[in-house]
Amino acid sequence: MNQAVERIKNGLVTENPTFVQILGMCPTLAVTTSAINGIGMGLSTTVILIMSNLMIAALRNVIPNRVRIPAYIVIVASFVTIVDFLLQAYLPGLSESLGSYIKLIVVNCIILGRAEAYASKNKVLPSVFDGLGMGLGFTVGLTSIGIVREILGAGTIFGVTIPYYKPIGIFVLAPGAFIVLAFLIAVLNAGRLRKAKAEGTEAKLCRTEDCLHCSNASCGGRFIDFEAPEGVIGQTAVKKPEKKVEEKNEEQEVRTDE
Amino acid sequence: MSDATKIILIAISAALVNNVVLSQFLGLCPFLGVSKNMKSAGGMGVAVIFVIAISSAVANLIYQFILIPLNIEYLQTIVFILVIAALVQFVEMFLKKVIPSLHKTLGVYLPLITTNCAVLGVALNNVTDNYNFLESVVNGVGTAVGFTIAIVILAGIREKTEDNDIPLPFQGTPIVLLTAGLMAIAFMGFSGLIRL
């Protein structure tokens, strides 16, 4: 159980996709016009993240290494389609306001990134909690940005009007999204600078170059990985025997706790 | 409205009014990541035009002649993303063999485009808006031209402001995002330019 708590904390705080890794910027900017939209998008992504992590972790020894990216894409796209139709059927209002951004969860860096970095190397249960943690972290990020934009731009919180406040309309429009995110990252950078000064180390600031790694490495820049060892099934098991042992121990711990 | 005017309006609307980066937030990763200088921004822009033009044409043909006849329109997201990803890799291999000089210029950018949400976004929007083959291609090229305009302008501004004295926390991504925000305000001036 410890591992589950650790995974959720990792997603919510240590490696929060919005505030620490600054991943998945398209939905972060596009759908955060209100807090409700942020929650809707965040929870949809969470569900897809959990399901795809579960599926990918379960199939991790079956999927050949060379074609793993297309396999992940198919799995993620299937769950995206399911969630899209569920929203259309049961929450048509939300589905309308999120528009094509629900379908575009397929290309969200966070999901393929977690598949590549965690689910493809770990057991099913930790992967599910990893998805849950990351998804909740993303939801918290989107919702808080949504709340800020809604207050500044529309003068409401979750649809409730704030009295005596004249809203600045630009914040719910496209430019407001860029400006809010710019200030958010600047504040995070300032925090990191202060921490680094206190510890006497060099601060890791968010640079634009960081963003490249999301479309390059974690999102599978290549459809078929020609550099990967050919046709190896269960490649992780062959390649990293030490790690496998560790995982087994962790898995046993999880089991005894249950 | 005649067909020709409609086509022109689609192109202008895609390139300027509903600019793909500045009002739809698609393709932000390359927009922020490859805009350090004009040369690479231009290269990225051309590569995006190339890929979106081909992919919106192919996606439209697949939708019309495979998905609709088989009654499996609901698979569009899965089919489109696979087709686009495969297509980008195929284009890369084709260019490497046939036009090596072009591959040298575009090569580094092509793999980055695979998961660029703009490409999938255009293909999906073409279906939502019921565009036919020609309209899809025009919308695709228009969107990509809009992307190129935005990224080249941003790269131009970044080249000029590179050595400016910016507060430390704002250096890097925040100042680029603020610049993009100001550009988005400028691009809002195009809204209301035309009505489809």
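Taken residue by residue, region B:15-37 has at least one member that is crowded, with 24+ Cβ neighbours inside 10 Å and of a type in the set (Ser, Thr, Tyr).
Might you check whether a residue that is more than 12 Å from every other protein chain (Cβ to nearest Cβ) and more than 21 Å from A:Ala77 (Cβ to Cβ) occurs anywhere in region B:73-95? Looking through region B:73-95, at least one residue is more than 12 Å from every other protein chain (Cβ to nearest Cβ) and more than 21 Å from A:Ala77 (Cβ to Cβ). When B:Gly181, B:Gly142, B:Gly146 are checked against the criterion of being part of a helix (DSSP H, G or I), within 12 Å of the chain's Cα centre (by Cα) and within 14 Å of another protein chain (Cβ to nearest Cβ), B:Gly146 stands alone in meeting it.
Yes/no matrix, rows are residues, columns are (1) hydroxyl-bearing (Ser, Thr, Tyr); (2) in contact (Cβ under 8 Å) with a residue 12 or more places away in the chain; (3) closer than 30 Å to B:Asp3 by Cα; (4) crowded, with 19+ Cβ neighbours inside 10 Å:
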{"residue": "B:Asn60", "(1), (2), (3), (4)": "no, yes, yes, yes"}
{"residue": "B:Ile68", "(1), (2), (3), (4)": "no, no, yes, no"}
{"residue": "B:Leu82", "(1), (2), (3), (4)": "no, no, no, no"}
{"residue": "B:Lys96", "(1), (2), (3), (4)": "no, no, no, no"}
{"residue": "B:Asn116", "(1), (2), (3), (4)": "no, yes, no, yes"}
{"residue": "B:Phe133", "(1), (2), (3), (4)": "no, yes, yes, no"}
{"residue": "B:Ser136", "(1), (2), (3), (4)": "yes, yes, yes, yes"}
{"residue": "B:Lys160", "(1), (2), (3), (4)": "no, no, no, no"}
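Based on what the data block shows, is B:Val122 more than 14 Å from chain A (Cβ to nearest Cβ), buried (at least 19 other Cβ atoms within 10 Å of the Cβ) and part of a helix (DSSP H, G or I)? No; evaluated as a whole, the condition is false for this residue.
Taking the condition crowded, with 16+ Cβ neighbours inside 10 Å, over 10 Å from the mean Cα position of the chain (by Cα) and either of a type outside the set (Asp, Glu) or not in a helix (DSSP H, G or I) (or both), does B:Ala11 pass? It is true that B:Ala11 is crowded, with 16+ Cβ neighbours inside 10 Å, over 10 Å from the mean Cα position of the chain (by Cα) and either of a type outside the set (Asp, Glu) or not in a helix (DSSP H, G or I) (or both). Restrict the check to region A:190-208 and report whether at least one residue is hydrophobic (A, V, I, L, M, F, W, C), facing chain B (nearest Cβ under 9 Å), assigned to a helix (DSSP H, G or I) and surrounded by 16 or more Cβ atoms within 10 Å (Cβ to Cβ). So far as region A:190-208 goes, yes, one or more of its residues are hydrophobic (A, V, I, L, M, F, W, C), facing chain B (nearest Cβ under 9 Å), assigned to a helix (DSSP H, G or I) and surrounded by 16 or more Cβ atoms within 10 Å (Cβ to Cβ). Provide a single number: the residues in region A:90-136 that are without any contact (Cβ under 8 Å) to a residue 24 or more places away in the chain and away from chain B (no Cβ under 14 Å). Going through region A:90-136 one residue at a time, the tally reaches 3.
Among the helices (runs of 4 or more DSSP H) confined to region A:26-133, the ones with at least 3 residues that are in the same structural domain as A:Ile185 (by TED's automatic domain parsing) and closer than 19 Å to B:Phe25 by Cβ are located at A:35-58, A:92-98, A:109-114.
The values are calculated or read from the model by the stated rules, or taken from the named source; none is laboratory data. From a predicted model like this one, the values you see are computed outputs, not experimental measurements. When we count neighbours, we look across all protein chains shown, and the Cβ atoms used for this are built from the backbone with ideal geometry, even at glycine.
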